[in-house]
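Enquirer: Below is one structure. I have some questions about it.
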Amino acid sequence: MKIAASVSDPGLIREAVAHGADLIEIRLDLMGGVPHERLVSSLKGVDIPVLLTLRSTDEGGRFGGDAEKWWETMEPLLPVAAMVDIEQPFARYAPRVREMGKTVVASFHTSQMPGPGELDAIGNALRTYGHIPKIVPKPRDTRDLISLLSFTEHSPKPVITSVMGEEFRFARIIMAFFGSEIIFSYVGMPASPGQYHVREARSLLDELR
């Protein structure tokens with residue numbers, strides 16, 4: 001289990017490392033037009049993996065472009081990344097990313113709660129183009145949460161699961177004990193509601209182990 005720190009300001013990358021992040025998630029959709037040169041410069045000397053994410057508005061982010069714009073934004077930064085988040089509408093570019101030796105995190109975020117069979121189907125679809133499926137729904141109640149925990153435990157590994165929203169935010173940590181590969185936290189401003197600061201996520205994870 002690893003802790004990713006989501007950053008929307010290149011100036012916070014060093015802080016994320018200092019607080020114990022295992023990898024850095026660069027949230028390109030939240031950076032507000034930061035020049036690529038500044039971002040690349042900020043990543044020099046960072047000795048933990050970098051995950052590039054350009055989250056679409058359909059899945060809770062701020063990127064409103066099409067697949068071609070997604071690739072235009074992402075391609076120049078691929079040399080500094082070890083991992084790339086790719087949603088299903090952008091999956092046509094996954095083979096190129098894989099050919100470059102990058103790990104593809106095939107992601108799906110929804111404000112709904114799929115049923116158990118639907119979760120399996122989503123996971124299988126994501127594995128057709130990615131190395132690691134990432135599924136993040138919004139549980140409506142504890143029964144939904146238990147269903148997601150069960151899916152996580154029994155899903156082929158590796159897999160990443162988490163929750164949208166603040167109601168069950170504790171599950172962001174608990175999922176790791178059921179087999180989820182990465183806990184997503186933040187430095188600066190949360191990349192999504194309910195995230196823990198990386199320092200707090202590290203403390204909770206260490207105490208629960």
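Enquirer: When residues of the stretch 102-136 are filtered for being surrounded by 15 or more Cβ atoms within 10 Å (Cβ to Cβ) and either β-branched (Val, Ile, Thr) or closer than 18 Å to residue 53 by Cβ (or both), how many remain?
Expert: Residues in the stretch 102-136 being surrounded by 15 or more Cβ atoms within 10 Å (Cβ to Cβ) and either β-branched (Val, Ile, Thr) or closer than 18 Å to residue 53 by Cβ (or both): 19 in total.
Enquirer: With (1) open to solvent by less than 10 Å² (accessible area, probe 1.4 Å); (2) at positive phi as the list, and residue 94 as the residue in question, which single condition is left unmet?
Expert: Condition (2) is where residue 94 drops out.
Results for (1) touching a residue at least 12 places away in the same chain (Cβ under 8 Å); (2) of a type outside the set (Asp, Glu); (3) touching a His at 6+ places or on another chain (Cβ under 8 Å); (4) open to solvent by less than 20 Å² (accessible area, probe 1.4 Å), shown as yes or no for each residue.
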position	(1), (2), (3), (4)
171	yes, yes, no, yes
174	yes, yes, no, no
186	yes, yes, yes, no
192	yes, yes, no, no
201	yes, yes, no, yes
208	yes, yes, no, no
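Enquirer: Kindly check whether there is at least one residue in the stretch 142-165 that is modelled with pLDDT under 95 and either open to solvent by less than 20 Å² (accessible area, probe 1.4 Å) or within 21 Å of residue 55 (Cα to Cα) (or both). Quick ask: steps written out before the conclusion?
Expert: Keep residues of the stretch 142-165 that are modelled with pLDDT under 95, which gives 165.
Right, trim to either open to solvent by less than 20 Å² (accessible area, probe 1.4 Å) or within 21 Å of residue 55 (Cα to Cα) (or both) and you get 165.
Yes - at least one qualifying residue is present in the stretch 142-165.
Enquirer: Of the residues that make up the stretch 42-49, is at least one within 16 Å of residue 134 (Cβ to Cβ) and touching a residue at least 60 places away in the same chain (Cβ under 8 Å)?
Expert: Checked the stretch 42-49: no residue is within 16 Å of residue 134 (Cβ to Cβ) and touching a residue at least 60 places away in the same chain (Cβ under 8 Å).
Enquirer: Enumerate the helices (runs of 4 or more DSSP H) found wholly within the stretch 1-78, keeping only those where 1 or more residues are at pLDDT 95 or above and open to solvent by 20 Å² or more (accessible area, probe 1.4 Å). Steps first, answer last, please.
Expert: Working: elements: 13-18, 36-43, 67-74.
Because the criterion is at least 1 residues that are at pLDDT 95 or above and open to solvent by 20 Å² or more (accessible area, probe 1.4 Å), the helices (runs of 4 or more DSSP H) in the stretch 1-78 that meet it are 67-74.
The values are calculated or read from the model by the stated rules, or taken from the named source; none is laboratory data. What you see is a predicted model; the values in this text were computed from it and never measured. Reconstructed Cβ throughout: ideal geometry from the backbone, glycine too, with neighbour counts over all protein chains shown. Quick note on the areas: whole protein, heavy atoms, side chains included, nothing else; ligands and nucleic acids left out. Shrake-Rupley method; radii C 1.70, N 1.55, O 1.52, S 1.80 Å.
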